[in-house]
Every structure is written in C-alpha cells, then in structure tokens.
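These notes are about the structure you will find just below.
The values are calculated or read from the model by the stated rules, or taken from the named source; none is laboratory data. What you see is a predicted model, and the numbers here were worked out from it, not measured in a lab. Because the Cβ atoms are built from the backbone with ideal geometry, glycine has one as well, and the counts that use them run over all protein chains shown.
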C-alpha cells in the first residue's frame, strides 16, 4: 500500500479536524446553556406546563353557557331585518316618495330573505336531522351558492317588480342591512362581557 505524501495527508485531515472542533464547540455551548429545570422556570413545551383536563358536569356546563351566551343566527337575521326596516322608513320619510320607500324595503328584502333561506337550510330542522343528503361544509357551500344566486335574481328582477325603482335607496338599505350583522355581533359581545 502506498502512503500518502505528507502534504496530501495534511489536506485530508483538515476537514476532520474542523468537524471535531465544531463538535467540541457545540458540546461546550450545550454545557453552558441553562436548562429549563435548573433555572427555576417551567418550559412552555414541558409536560408539566399543561393543566389537567377534566370534563364538566351538567351544572358546570350550564353555568358556562349562561356566563357566555351566544347570538343565534335567527337573532342576527331579526336584527338585520329590524334595522333595515328602520332605515327604509327613515329614507321614505325623508324623501317623501313611495317609490323610494318601496325600493328601500326591497333592498332590505334582498339582504334578509336569501340569508334566511340559507339559515333555514343550514340550521333548520331538516339540516339537524341530516335530511337532504347534504351536510357539513358541502351543505354550507351549496346553501351559500343558492343564497348568492337568489340575491342576483332578486336584484335582476327589481326593475320589473318595482316601478319606478330608486336604485340609490335600494342599494343603500341593502348595504346597511348587510353591515348590521357585524354591528349586532359587536353589540352582543360587549353586552355579554358587561354581564360577566
């Protein structure tokens, strides 16, 4: 077997020395780094950091629901409809035009009726029993598509059903009625926080 010349053996051992030096440096850093248990604080990812999980009794669950009430879909739709009718009545009284009042009320109907149909399809009695063969996310998607198609159809038929049509009144009340759901949820959330 041939032996390597001294310059070649020196070149071959250089990468090995670097690797050994890097391993030694990592070992020194690991020894110097404080451990979570030694430093007096628990690690976030430690096994002892999570509190024990216990199931709630019926009375505890009822108390939790009473402390944190949620707004139902039907309450959100009712607030949307009431606010929309209020805006339509204000619009009609300020404009003193029956066509503007009817257009504004139709804008409320365009916002509420398709949403009510979707809510019935997703949360109604048939949906709770699993009837119709469409459930879960697929059912939600189907009802959302039907809702959008109904909104489009109602807006397309507006000039036919309401003569003369005031587009400004219709669109303003439609947008305000749609935005009312978010406002109602914010008010409900603040009221729930104040009651706690």
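Need at least 3 residues that are at pLDDT below 80 and surrounded by 11 or more Cβ atoms within 10 Å (Cβ to Cβ) per element, so show me which helices (runs of 4 or more DSSP H) inside region 94-196 make the cut, counting only ones lying wholly within it.
Working: elements: 98-123, 125-129, 136-161, 167-195.
So the answer is 167-195.
Residue-wise test of (1) in contact with a helix residue (DSSP H, G or I) (Cβ under 8 Å, 6 or more places away or on another chain); (2) at pLDDT 65 or above; (3) part of a loop (DSSP other than H, G, I, E, B); (4) farther than 30 Å from residue 162 by Cβ.
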| position | (1), (2), (3), (4) |
| --- | --- |
| 22 | no, yes, no, yes |
| 36 | no, no, yes, yes |
| 39 | no, no, yes, yes |
| 42 | yes, no, yes, yes |
| 48 | no, no, no, yes |
| 65 | no, yes, no, yes |
| 74 | yes, yes, no, no |
| 87 | yes, yes, no, no |
| 92 | yes, yes, no, no |
